[in-house]
Amino acid sequence: MNFYAIKSIYSFEMARFFRTLAQSLISPVLSTSLYFIVFGAAIGSRIEEVDGVSYGAFIIPGLIMLSLLTQSISNASFGIYFPKFIGSIYELHTAPVSYVEIVLGYVGAAASKSALIGLVILGTATFFVDFTILHPVAMLAFLLLTSVTFSLFGFIIGIWSKNFEQLQMVPLLVITPLVFLGGSFYSVSMLPPFWQTVTMFNPVVYLISGFRWAFFGTADVNIGLSLTMITVFMLLCLGLIGWTYKTGYKIKS
């Protein structure tokens, strides 16, 4: 294992993150703060509790997950797409660096960035609402697992994309709607029976539900099922990345 190569890729990506803090960190935190003001204050004043939790606190896991998924995908996809765009990816592939080391460097950096943003948003939430995390270790584990899994997914999108429009298409047109419809701002049990059944086909429901359980001990689905779903998705992403490098799809051309 070439740890020097992994460290070099990781350090380069993290340096780019800190050079653009206004866009990379401050922007998502400000956006999430607006959600807290609008949903937590305006709507929260009309909805006292959801599943025994104050509405302002109830939406915290959903808002963190919204930023976590979009930032993980965006950071990882741009990280691998930009070398393709400028042509430096071919130098990387001809260097004595395996695809495992490339993935570890780029995905590790993307997961670190999104996890950091998630923790900063969590800290920001304390200025708007009082809450207690019942299972802090489980919360951190779920945060990291989600960051890594969707950074892997973003890496796949970066390889697949032909232009910047395709790079942004999945986060904007797929992930964000799924998060909004996945119980970020409401409990699935509040929906009519038919829509509860439909909602269960949304994979993001299991992520938000498991993350919310770590905060408040309540969940729309079993925590074991949530962990199983995200683990399966992570393994699928790993398998797809391995197949991509084995066949050279979108890499050698």
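The values are calculated or read from the model by the stated rules, or taken from the named source; none is laboratory data. This is a predicted model, so every value here is computed, not measured. Counting neighbours? That spans all protein chains shown, and the Cβs are built from the backbone with ideal geometry, glycine included.
Annotations
- Residue that is farthest from P28 (Cα to Cα), among those in region 117-144 that are surrounded by 18 or more Cβ atoms within 10 Å (Cβ to Cβ) and among the aliphatic types (A, V, I, L, M): M139
- Failed condition for S189, given (1) farther than 18 Å from L145 by Cβ; (2) outside any helix (DSSP H, G or I); (3) modelled with pLDDT under 85: (2)
- Just one of the listed residues (G56, G79) is assigned to a helix (DSSP H, G or I), touching a Phe, Trp or Tyr at 6+ places or on another chain (Cβ under 8 Å), surrounded by 22 or more Cβ atoms within 10 Å (Cβ to Cβ) and not charged (D, E, K, R), and it is G79.
- Region 166-184, residues that are outside any helix (DSSP H, G or I) and buried (at least 21 other Cβ atoms within 10 Å of the Cβ): G182, G183, S184
- E49 surrounded by fewer than 16 Cβ atoms within 10 Å (Cβ to Cβ), of a type outside the set (S, T, N, Q) and under 23 Å from G182 (Cα atoms): yes
- For region 202-253, the set of residues classified as among the hydroxyl-bearing types (S, T, Y), under 30 Å from T94 (Cα atoms) and surrounded by fewer than 17 Cβ atoms within 10 Å (Cβ to Cβ) consists of T247, Y249, S253, listed by residue number.
- Verdict on E101 being free of Cβ contacts under 8 Å to residues at least 12 places away in the same chain, part of a helix (DSSP H, G or I) and within 22 Å of M1 (Cα to Cα): no
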